[in-house]
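Each reported figure results from applying straightforward, stated rules to the coordinates on display, with no laboratory input. Predicted model only: the values in this text are computed from it and were never measured. Cβ placement follows ideal geometry from the backbone for every residue including glycine, while neighbour counts extend to all protein chains displayed.
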Number of protein chains: 4
Amino acid sequence: MKTKVGILGATGYTGVVLTRLLMNHPEVEITYLSSEQFTDKYYYEVYPMFYDLLKEKCRPVNAADVGYRCDLVFFATPNGFAKDFLPKLIKENNDIKIIDLSADFRLETILALNKSKKQKNLKITYGLPEIHRAQIQTSQFISNPGCYPTSIILGLLPALKHKLINTNTIIIDSKSGASGAGKQLKPELHFCEVNESFSPYNLAGKHRHIPEIEKELSTISGENIKVVFSPHLLPISRGILSTIYAELNNTKINQKEISKLYSDFYKKEFFVKVLPEGTYANTRNVRYTNFCHLSPLKDERTNKLIIVSAIDNMVKGASGQAIQNMNIILSLKEQLGLDTLGQIP
Amino acid sequence: MKTKVGILGATGYTGVVLTRLLMNHPEVEITYLSSEQFTDKYYYEVYPMFYDLLKEKCRPVNAADVGYRCDLVFFATPNGFAKDFLPKLIKENNDIKIIDLSADFRLETILALNKSKKQKNLKITYGLPEIHRAQIQTSQFISNPGCYPTSIILGLLPALKHKLINTNTIIIDSKSGASGAGKQLKPELHFCEVNESFSPYNLAGKHRHIPEIEKELSTISGENIKVVFSPHLLPISRGILSTIYAELNNTKINQKEISKLYSDFYKKEFFVKVLPEGTYANTRNVRYTNFCHLSPLKDERTNKLIIVSAIDNMVKGASGQAIQNMNIILSLKEQLGLDTLGQIP
Amino acid sequence: MKTKVGILGATGYTGVVLTRLLMNHPEVEITYLSSEQFTDKYYYEVYPMFYDLLKEKCRPVNAADVGYRCDLVFFATPNGFAKDFLPKLIKENNDIKIIDLSADFRLETILALNKSKKQKNLKITYGLPEIHRAQIQTSQFISNPGCYPTSIILGLLPALKHKLINTNTIIIDSKSGASGAGKQLKPELHFCEVNESFSPYNLAGKHRHIPEIEKELSTISGENIKVVFSPHLLPISRGILSTIYAELNNTKINQKEISKLYSDFYKKEFFVKVLPEGTYANTRNVRYTNFCHLSPLKDERTNKLIIVSAIDNMVKGASGQAIQNMNIILSLKEQLGLDTLGQIP
Amino acid sequence: MKTKVGILGATGYTGVVLTRLLMNHPEVEITYLSSEQFTDKYYYEVYPMFYDLLKEKCRPVNAADVGYRCDLVFFATPNGFAKDFLPKLIKENNDIKIIDLSADFRLETILALNKSKKQKNLKITYGLPEIHRAQIQTSQFISNPGCYPTSIILGLLPALKHKLINTNTIIIDSKSGASGAGKQLKPELHFCEVNESFSPYNLAGKHRHIPEIEKELSTISGENIKVVFSPHLLPISRGILSTIYAELNNTKINQKEISKLYSDFYKKEFFVKVLPEGTYANTRNVRYTNFCHLSPLKDERTNKLIIVSAIDNMVKGASGQAIQNMNIILSLKEQLGLDTLGQIP
């Protein structure tokens, strides 16, 4: 029997990507699509791409209803919603599985819930499967990683595990497509403002993803890592590319060894591909897929490690990774329902 | 047992879309990928999107080899190739099925082949399933329609069949994304020339698709139709939108009746969707899919029928339709291996 | 002494283009920049392009203040503002010259103003210099044409004046960049909605520019003209291209004669260029300039006249034409302060 | 009397930008436009933007002719041309002034020319006015800087002069629009390859601009500087943004002091603007202008200096700076003929 899944915030950008992927997923059935803004509209009225393919209407968010109709629910909702809604939902359905795509719980590991009869402590698992797969398998509640952090952590993981780099020297220059900012109307997201421009924002320690990045990197390395993180806005719809710099601890290690070390590290990870030397990761080759493409490079002249990490911010950076997490929780094949081929041209 | 398929010209844009779709197709196995330019390179060296997913190398084109290795072959080759290669291929494999995406045979219905022992006449079927499905089923050789003609013919078909319009008044204003021009290097396809511009080309009867459009429209209507056809180049990668105008024969017919007539006409055609009133067809909602979205509208003030027809030029306008044709020939479900959901945002 | 000019609505898109052009204009001095949203902010805080070049602050709109500080004022304000504000302003400064870029008065020719002592009737001139230059010269109040109407009227003017076409057969297929919709936040103008798409809107007689187009065309031709007008949204920031179709009255006229007729007609108009045969008007070649490029073509096969008309919607379609009108009113050289060379690449 | 100027390679992208700017320049007259590819074509046939505005034809390159017709000549030619052509030209016109936009002489300071009667040593000046203005004034031959180097050197200059940073820690992450690669046809510049993608290239010490960058930075600082330089290709036509990182020598210096130091340093430089705190440099605000916008930032958490430097690669990065150099050589006002306002939206 198929798992009944709900998507809260189904008409936002992460919501529509979830909806699309879950419709193609053989082991689930969508039983709840919520949208405050479009309540009672047909989903295809909001996104005509679904016309004649999906007959569901958008529902309001109702904890009892969600709890009753769903075995598993995705929160594709604005930051703040999950913190408020989660206790109500658990009260209605004590066993419901939750994958939260918002930032609400990414820095926490335990959620204490007051319930009428007993106190329940819900363990929160940070849903980066390449690191936390085992915990995810047994989790009820997943906090899905941010898009920038996913690209960065996957890029640095082998280097940190192998003590390849001086952890005091990490500089991350990231570039994201406009969908990363969501569907809300903001002056800086008007077509004419993004088009034909390229802009940095929240530089010098101001981006809200920094604590998430540093927490995970520090846990991985066992050191207290601080990073320089510079996000930039790209005039494209989909994609993040992070160019990451750090000093190599060992000046002797050569390009071939670095490539091998990275390839070996991710040998068993289907969704992380270390590209062959001579091919650089870019956003287009991962667009619409759940892949992370990595190019680890040695800059011989300066003894730096440069790692280029590319993901689709909406897939591996959000909705695709959420489904990867769902597959793990449900003991399904990890890549079920996830596209492995993007679109060229 | 899976059908063995080959793609000649596999590294061009229609070739890569075919390769991608056929890799996802459950009933075929790719046994031949040819590329003159990239012979002996791994396919993923040309398109790193396929890295670690497709291990094939590009082969040269060799009739004996193709004939031996393939049950069915797609010609995703430049115009001129098929005319030359087809007789050689038939000689090697008398039963091989062929779907030709080039323009070589779109205006012909019979190909006379001189063979050593006997004369063979190969019937050529114009592969627009919504019109010629029955003939396609029994064909060995399909000439796959052009991208503009597909969008236009599907848009006008119900109106012509129902004698809705004055066939002397058809004006077609079409707009195509840049992939329609293929992957070859041309000055007008340089990024900086296409970007932030919008340009008409081959106006006033000069486009090579006109004979194909007029031949099919005339056959459908039983009249000798001449059309005004104005193509324009859009600064997008994928998509064709044709805005088609014609005088209504009957001034009394209203919008509701026109909508119903179109909807009824295409009721059984999965890949043609007549959108509900109030929603206009656009290129984004069909992107990456094999759908044709139609919006038939009455302009009350001028008694004109306006039909907006949108397809993805690379899918329903080329490679997707080719696979639809293949499915019909192989007696498979028509939508097998074809995406039904595009990508938003 | 320089003319003192004000711009109301200076932080919208037509406002910023006016500001930029007027800063480069040798005979005017900007004395008033209003913005409700950004009152008291430095203009360069809204548009950092002006940093260290323009020291003005945004002011609130105040009739007395505007009337006192300005000899001439541009209304780059939302539709509705001018109707309300104009009487107040005239009361404060009986002689102030006004160029209204909104649609408020485009369909009217007389504005009756009640004033304390006497009734004043303000003549409203439709500011298309190529048609109404003489009246503009002596006008106090100019209603600046819409962007679509400008491209269309200039394209059809020679054909109508020379009775070249059947006026019952005019079909206009227009495509506009996103700046035409202004700077306000609307869901359909989010970068991810416009990018990589192409969409029709307000088809079949629904666009608010139709009365303006038909009024002018009817006046020019002396006939009661109704047109089919189909606007589409292009994923570019600047530019309108209208492809206009009509039946030729005389089947004998050939391409050469049509080209000559158009060239002769606009021989003395600096801002309208009839391109040589073989070169089609496109949006890029007029971008950032006040030019209208025209390509009149005969479709021999169908006896249609096809006119391609390209302008920059923000310049000849709005702010540039407003300055052209100002130059005429002020008896300055018509092209003063207007760029004649765009930007390639 | 106006200076007679020639442009060799006038139909390439730097050539067309030079042509456009020089047409608007009050003190020069264009007397020579060369193009091998388009010899004998009217310039407006190559670029219809110039139709009816520039009547010149493209000429072949002929040293005698160039020497005879020009007082000053711009080489907007491919790398390699200048090395070969320069001696021939000097032989024809011993006094002709030359501004070379190619990379041929950027790393050299003396050109030894064998001449029939005497040996002439031509001093080569690196044409970055903000550093070498005095030498430029008296130079006959200017080697115009590369686009990336211009953005980087201007960004680092105040920090190096003030010994603000550890010169062993410089990391430069640069992003350039597609016009930087010129107009030649290359597979990676096809619209469909650049559009909707973002790609690094020539990473880890492979870009040919590195020696130019390091030579100038080393000269400025008096130290032997090696940098990490990572170029990336942006899907826009115009603009370079470099995000530059280095360790601060002094942890005590605060943001305010850094901002002041930068502002003071460039106080007299019209074409370099240090933006106020809170506004970041981006490519759009400098597009089409000769400005360099700088945002120097302190990352308090990591004690890094981050400098964002934005230019238009075709203007301050090439043709605009060439004209700035010409103005200096000709003792004209430095900003003559150069646009100071770009285009919004």
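From the phi of every residue in region C:70-79, what ³J(HN,Hα) in whole Hz does the Karplus formula 6.51 cos²θ - 1.76 cosθ + 1.60 yield, where θ is phi - 60° and glycine or proline is x?
Per residue, the Karplus-derived 3J(HN,Hα) values read 10, 8, 8, 9, 9, 9, 9, 9, x, 3 Hz.
Enter the Cα centre distance for the pair region A:227-282 and region B:8-84, rounded to the nearest angstrom.
So the separation of the two Cα centres works out to 30 Å.
Classify region D:134-194 as rounded, prolate or oblate from the Cα gyration tensor: take a ≥ b ≥ c as the square roots of its eigenvalues, call it rounded if a/c is under 1.5, otherwise prolate when a/b beats b/c and oblate if not.
Details: a/c = 4.33, a/b = 1.42, b/c = 3.05.
Oblate, because a/c is 1.5 or more while a/b does not exceed b/c.
Which residue fluctuates most in the GNM of chain C (Cα springs below 10 Å): C:ALA76, C:ALA318, C:ALA246?
Between C:ALA76, C:ALA318, C:ALA246, it is C:ALA246 that shows the largest mean-square fluctuation.
Please work out whether region A:278-344 counts as rounded, prolate or oblate from its C-alpha gyration tensor, where a ≥ b ≥ c are the square roots of the eigenvalues and a/c under 1.5 means rounded, while otherwise a/b larger than b/c means prolate and anything else oblate?
Numbers: a/c = 3.23, a/b = 2.09, b/c = 1.55.
Prolate shape, in that a/c is at least 1.5 and a/b is the bigger ratio.
Starting from the Cα gyration tensor of region D:81-146, take the square roots of the eigenvalues, sort them a ≥ b ≥ c, and report rounded, prolate or oblate (rounded when a/c is under 1.5, otherwise prolate if a/b is larger than b/c, else oblate).
Since a/c reaches 1.5 and a/b is larger than b/c, the shape of region D:81-146 is classed as prolate.
Considering chain D as a Gaussian network with a 10 Å cut-off on Cα pairs, which listed residue, D:SER176, D:SER331, D:SER35, attains the greatest mean-square fluctuation?
It is D:SER331.
Loop by DSSP (not H, G, I, E, B), at most 13 other beta-carbon atoms within 10 Å: where is the longest site-free stretch of chain B for trypsin sites (Lys or Arg not before Pro)?
Here the longest segment lacking exposed loop sites spans B:269-332.
What relative contact order, as a whole-number percentage, does region A:147-313 give when Cα pairs under 8 Å and 6 or more residues apart are counted?
Reported as a whole number, the value is 30 percent.
Where both residues lie in the protein assembly as shown, what percent of DSSP beta bridges are antiparallel, nearest 5?
50
Would you mind giving the mean number of other chain beta-carbons within 10 Å of the Cβ of each residue in C:207-213, as a whole number?
That works out to 0 on average.
So what J values fall out for region B:297-311 if you push phi through Karplus, 6.51 cos²θ - 1.76 cosθ + 1.60 with θ = phi - 60°, rounded to Hz, Gly and Pro as x?
My calculation for region B:297-311 gives 10, 9, 8, 4, 5, 10, 6, 9, 8, 10, 10, 9, 10, 10, 9 Hz in order.
Stokes-Einstein diffusion coefficient for the protein assembly as shown at 4 °C in a medium of 1.567 mPa s, Rh from the Kirkwood formula over Cα pairs: what value in µm²/s? Don't skip to the answer; put the middle values down first.
Details: Rh = 33.5 Å.
Calculated translational D: 39 µm²/s.
Using each residue's phi in region B:267-273, evaluate 6.51 cos²θ - 1.76 cosθ + 1.60 at θ = phi - 60° and report the 3J(HN,Hα) Karplus result to the nearest Hz, with x for Gly and Pro.
Going residue by residue, I get 3, 8, 9, 4, 8, 10, 10 Hz, with x marking Gly and Pro.
Send over the per residue convex hull volume for chain B, Cα only, as a whole number of Å³.
Residue-normalised Cα hull volume stands at 144 Å³.
Going by how many other Cβ atoms sit within 10 Å of their own, how do C:THR19, B:THR279, D:THR251 line up, fewest first? Can you show the working numbers first?
Details: C:THR19 25, B:THR279 14, D:THR251 10.
In increasing order of surrounding Cβ atoms, one gets D:THR251, B:THR279, C:THR19.
Enter the mean projected area of the convex hull around the alpha-carbon atoms of region D:78-189, in nm², rounded to one decimal.
9.6
Antiparallel as a % of all DSSP beta bridges within region D:69-203, to the nearest 5? Spell out each step's value before the answer.
On the way: 5 of 15 bridges.
For region D:69-203, the DSSP antiparallel bridge percentage is about 35.
Determine the relative contact order of chain B: mean sequence separation of Cα pairs under 8 Å and six or more apart, normalised by residue count, in whole percent. Mind showing how you got there, number by number?
On the way: 758 pairs, mean separation 57.8, N = 345.
Computed over chain B, the figure is 17 percent.
What 222 nm value per residue comes from the helices of chain C, counting each DSSP H run with n ≥ 4 as -39,500 (n - 2.57) and dividing by all residues, nearest 500 deg cm²/dmol?
Dividing the helical sum by the residues of chain C leaves -8000 deg cm²/dmol.
Arrange D:ILE225, B:ILE171 by Cβ neighbour counts within 10 Å, fewest through most, would you?
D:ILE225, B:ILE171
Only bridges with both residues in chain A count here: give the DSSP antiparallel percent, nearest 5.
Working: 30 of 60 bridges.
Of those bridges, close to 50 percent are antiparallel.
Over the Cα atoms of region D:146-237, what Rg and Dmax result, in angstrom?
My reading of the Cα-based Rg and Dmax gives 14.8, 45 Å.
Count, for each residue of B:294-307, the Cβ atoms from other chains sitting within 10 Å of its Cβ, then give me the mean as a whole number.
Across B:294-307, the average partner-chain Cβ count within 10 Å equals 4.
Sorted from largest down, what three extents in whole angstroms do the Cα atoms of region B:147-315 have along their principal axes?
49, 30, 29
Once the other residues with Cβ under 10 Å from the Cβ of C:ALA64 are scored (Lys, Arg +1; Asp, Glu -1), what is the net sum?
Overall, the nearby charge balance is +1.
Determine the shielding of peptide B:331-343 by partner chains: average, over its residues, the number of Cβ atoms on other chains within 10 angstrom of each Cβ.
3
Of the cross-linked pairs A:LYS186/C:LYS41; A:LYS55/B:LYS163; D:LYS83/D:LYS183, which ones have a Cα-Cα span greater than 28 Å in the structure shown? Write out the running numbers ahead of the final one.
Numbers: A:LYS186/C:LYS41 19 Å; A:LYS55/B:LYS163 33 Å; D:LYS83/D:LYS183 21 Å.
Over 28 Å Cα-Cα: A:LYS55/B:LYS163.
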